[in-house]
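The values are calculated or read from the model by the stated rules, or taken from the named source; none is laboratory data. Nothing here was measured: the structure is a model prediction, and the numbers come from that model. Neighbour counts are summed over all protein chains in view; Cβ atoms, including those assigned to glycine, are modelled from backbone coordinates with ideal geometry.
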Amino acid sequence: MSQVFDYLFGQYSDYDTIDTVLEIIAVFFGLLSVWFSKQNNIWVYPTGMISTSIFVYLLFKWGLIGDMLINIYYFLMSVYGWYVWTRKVDEDNVTPITRVTQKEHKISAIIFFATIVFVFVVYQVFDKWNSWTAYVDTVTTAVFFVGMWLMAKRKVENWVYWIIGDIISVPLYFYKGFTFTSFQYLIFTILAVYGYNAWKKNINNNLQMS
């Protein structure tokens with residue numbers, strides 16, 4: 001049993017205790033955020049902002065620039081999403097859950113490829129092309145950037161991007177030595193599947209009522 005524990009958490013013996021505690025707190029609020037998102041609850045944003053703020057600090061300290069950029073973007077998009085989700089489209093209703101339009105598909109593609117170029121330049125500047133994980137980070141960052149933008153727009157397809165990115169991130173973060181964060185993404189994957197089904201059900205119910 002101790003061998004399994006050492007395999008999963010042995011790397012934390014080299015970390016500052018405060019950093020481990022902060023990672024656990026960030027994971028907790030990250031999970032809360034995804035749960036609230038699944039429930040279509042505005043609390044997705046304040047809880048997510050707490051999580052991303054902590055991760056920005058930790059990832060900067062650990063030198064994981066690509067992951068840090070993702071969390072800075074999450075924070076900024078959370079501010080935008082908070083506004084969109086509470087904006088009233090008429091006297092009684094706020095922005096509803098909808099499907100991605102053709103125009104938004106094109107914007108998503110632009111965000112995806114622009115992010116890859118942006119991360120490539122950043123990694124060049126900081127000389128981070130020293131591991132195969134950097135190449136995977138480039139793709140996952142682009143996937144998550146699109147997912148976060150679509151979530152802020154309250155588009156059901158945001159969950160597809162989260163599922164893809166989360167699945168990739170589970171082994172990626174474990175390889176990097178962040179077991180708690182890896183477990184977080186495993187739970188994220190499960191919640192994202194439920195979130196996708198819940199948001200689709202919401203759209204179908206609204207169509208039946210209209």
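Between a first residue in segment 182-210 that is under 18 Å from Met151 (Cα atoms) and a second residue that is charged (D, E, K, R) and surrounded by fewer than 15 Cβ atoms within 10 Å (Cβ to Cβ), which pairs have beta carbons less than 8 Å apart while being 6 or more apart in sequence or on different chains? Listed pairs, sorted by first residue: Ile203/Arg99.
Checking segment 134-142 against the condition returns a match, with at least one residue being without any contact (Cβ under 8 Å) to a residue 12 or more places away in the chain and more than 17 Å from Leu31 (Cα to Cα).
Conditions (1) outside any helix (DSSP H, G or I); (2) touching a helix residue (DSSP H, G or I) at 6+ places or on another chain (Cβ under 8 Å); (3) at pLDDT 95 or above; (4) farther than 21 Å from Phe29 by Cβ, marked per residue:
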| position | (1), (2), (3), (4) |
| --- | --- |
| Val160 | no, yes, yes, yes |
| Gly165 | no, yes, yes, no |
| Ile168 | no, yes, yes, yes |
| Phe174 | no, yes, no, no |
| Thr181 | no, yes, no, no |
| Gln184 | no, yes, no, no |
| Gln208 | no, no, no, yes |
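Regarding segment 128-147, can at least one residue be identified that is aromatic (Phe, Trp, Tyr) and either within 27 Å of Gln102 (Cα to Cα) or at pLDDT 95 or above (or both)? Looking through segment 128-147, at least one residue is aromatic (Phe, Trp, Tyr) and either within 27 Å of Gln102 (Cα to Cα) or at pLDDT 95 or above (or both). Elements of the type helices (runs of 4 or more DSSP H) sitting completely within segment 1-93 and holding at least 3 residues that are of a type in the set (Gly, Ala, Ser), surrounded by 13 or more Cβ atoms within 10 Å (Cβ to Cβ) and at pLDDT below 90: there are none.
Here is the figure for segment 132-142: residues that are surrounded by fewer than 22 Cβ atoms within 10 Å (Cβ to Cβ) and not hydroxyl-bearing (Ser, Thr, Tyr) total 4.
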